[in-house]
Amino acid sequence: MKELSFSELLLKYMAKKNAKVNTMAKAIGVTDATIVNWRKSAKPRSRERVLVCAKYLKLSMLETNGLLKAAGFEPEVHPFVKNIFEELPRHRVMLLLTKTDWNKPPYHEALEILKAQAKDTYKNNVLCIKPPATLNANINNYFSRLGKQCKFSGVNDAERFENALETHLEHNKKGLFLLVSRFEQGADSPREQLADIVNSLIDEHPHFHVVLWDGEKLGTLKFQTDNMPLLKQAKVKYWPELTRQEVFAFDYFKDLPSDLDDTLVDQFLAISGGHPDLVIECLELKKRYPNLCVEKYPEKLSLCECIYESFTPLAQQESVRQQVYEWLQQEYLGPTEHYIQDELLRQLYWKNLLIEREVNGEKRLFWRCQAIQMGGTQICGKKNR
């Protein structure tokens, strides 16, 4: 597919936002003639001008980078993603964990940002695979699907997949990046064989770097499995908490109130505890009730569907419900560990209901926000009344 020019992208985004030439020119500090010239064929002379333009048009990070590239400038790099690629040459294997499913908003955008940066860092020497999730996939079908995803020809079993991957490595001496999402799903045997193949090739090819991306199940494999050297040597990194920058940059948050500013976003992040779905609900509340004071937001948020869906299954079993209810009355739930041993506490953490905060030099687990405590108490406390 032909890449659009700067002028074509600008016309597209201005039309999408219904942006007028004179209004946009005044807002970003240029003349009307400058915008007209950009819309014809000219390009901005400075990278900063493109960024100002992208901010005015409320472009996502991926859209902003497309505009920068079309104008001939380097892309913006997410600080956390930048750190991943700075550390990979040293660690070689990395587990990138998120507290919600990686293919759900807003993390699917983070995944695309990671892929884009990988292509830039490794000069397009990037392979992305998703092993079959079915437990019924036999080894040949499993590796045949992986071969197709890598665009390897003639791969229909594990041996041919390993040979094709090694050949690819031989032809890419300057670096090869492999991103595996959904690694922990599916049948045990083919997954273990894939881990053995990748592990052996990493030992032989120092320029081979691997990121496995998912959440709770992948973390459990890391800390509870003894037969996968690939996971034992892997560096663990957690996708960071949501920031103001991502609220403005991710498409998931694009339908923003017109009067949204940095201060209000910071307030919403504090009220929601940075939970993506609760941030979205804050934005919706702002549009529906523009004069609603921020003190009223927690009560409104406590009725959100995402809170109901998180706590309702926990309330079905009496002993679990009672334990969760007791925890909901506490300020914090104890110190954190590399791997949370208590199964129920671990479940709450991966449901994105808990957050890690540092207090007096000690990392502790807290409920993510007041709204979650209020909603959870209402659901789990009904039978206690």
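The values are calculated or read from the model by the stated rules, or taken from the named source; none is laboratory data. Predicted model, so just to flag it, every value in this text is computed and none were measured. Cβ atoms come from the backbone with ideal geometry, glycine included; neighbour counts cover every protein chain shown.
The table for this structure:
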| read-out | value |
| --- | --- |
| Selection within the range 28-46 - loosely packed, with under 15 Cβ neighbours inside 10 Å and part of a helix (DSSP H, G or I) | Asp32, Ala33, Val36, Lys40 |
| Filtered residues of the range 227-256 (kept if under 19 Å from Ile280 (Cα atoms) and of a type in the set (Val, Ile, Thr)) | Thr243, Val247 |
| Members of the range 1-17 found to be among the aliphatic types (A, V, I, L, M) and loosely packed, with under 14 Cβ neighbours inside 10 Å, listed by number | Met1, Ala15 |
| Residue within the range 95-105 that is within 25 Å of His168 (Cα to Cα) and touching a Leu at 6+ places or on another chain (Cβ under 6 Å) present | yes |
| Hey, Pro89 crowded, with 19+ Cβ neighbours inside 10 Å, outside the structural domain of Met61 (by TED's automatic domain parsing) and touching a Gly at 6+ places or on another chain (Cβ under 9 Å) or not | no |
| Evaluation of Asn65 against (1) over 22 Å from Asp261 (Cβ atoms); (2) out of contact with any Pro (no Cβ under 8 Å at 6 or more places or on another chain); (3) surrounded by 19 or more Cβ atoms within 10 Å (Cβ to Cβ); (4) among the polar types (S, T, N, Q) (one fails), failing number | (2) |
| Restricting the range 134-173 to residues that are in contact (Cβ under 8 Å) with a residue 40 or more places away in the chain and touching a strand residue (DSSP E or B) at 6+ places or on another chain (Cβ under 8 Å), the residue that is surrounded by the fewest Cβ atoms within 10 Å (Cβ to Cβ) | His168 |
| Failed condition for Gly334, given (1) in the same structural domain as Ile372 (by TED's automatic domain parsing); (2) on the phi < 0 side of the Ramachandran plot | (2) |
| Identity of the residue in the range 187-198, more than 18 Å from Gly175 (Cβ to Cβ) and of a type outside the set (Asp, Glu), that ends up surrounded by the fewest Cβ atoms within 10 Å (Cβ to Cβ) | Ser189 |
| Whichever residue in the range 104-148 is in contact with a Cys (Cβ under 7 Å, 6 or more places away or on another chain) and of a type outside the set (Val, Ile, Thr) and, among such residues, is nearest to Lys82 (Cα to Cα) | Lys115 |
| The range 175-188 residues that are in the same structural domain as Glu204 (by TED's automatic domain parsing) and closer than 17 Å to Asn125 by Cα, paired with ones that are among the basic types (Lys, Arg) and modelled with pLDDT of 90 or more (beta carbon under 9 Å, 6 or more apart) | Phe177/Lys119; Leu179/Lys115; Val180/Lys130 |
| Per-region count, the range 343-364, residues assigned to a strand (DSSP E or B) and under 20 Å from Ser302 (Cβ atoms) | 2 |
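Per-residue answers, yes or no, for (1) among the hydroxyl-bearing types (Ser, Thr, Tyr); (2) at pLDDT 95 or above; (3) within 23 Å of the chain's Cα centre (by Cα):
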position: Lys17; (1), (2), (3): no, no, no
position: Lys26; (1), (2), (3): no, no, no
position: Ser41; (1), (2), (3): yes, no, no
position: Pro79; (1), (2), (3): no, no, yes
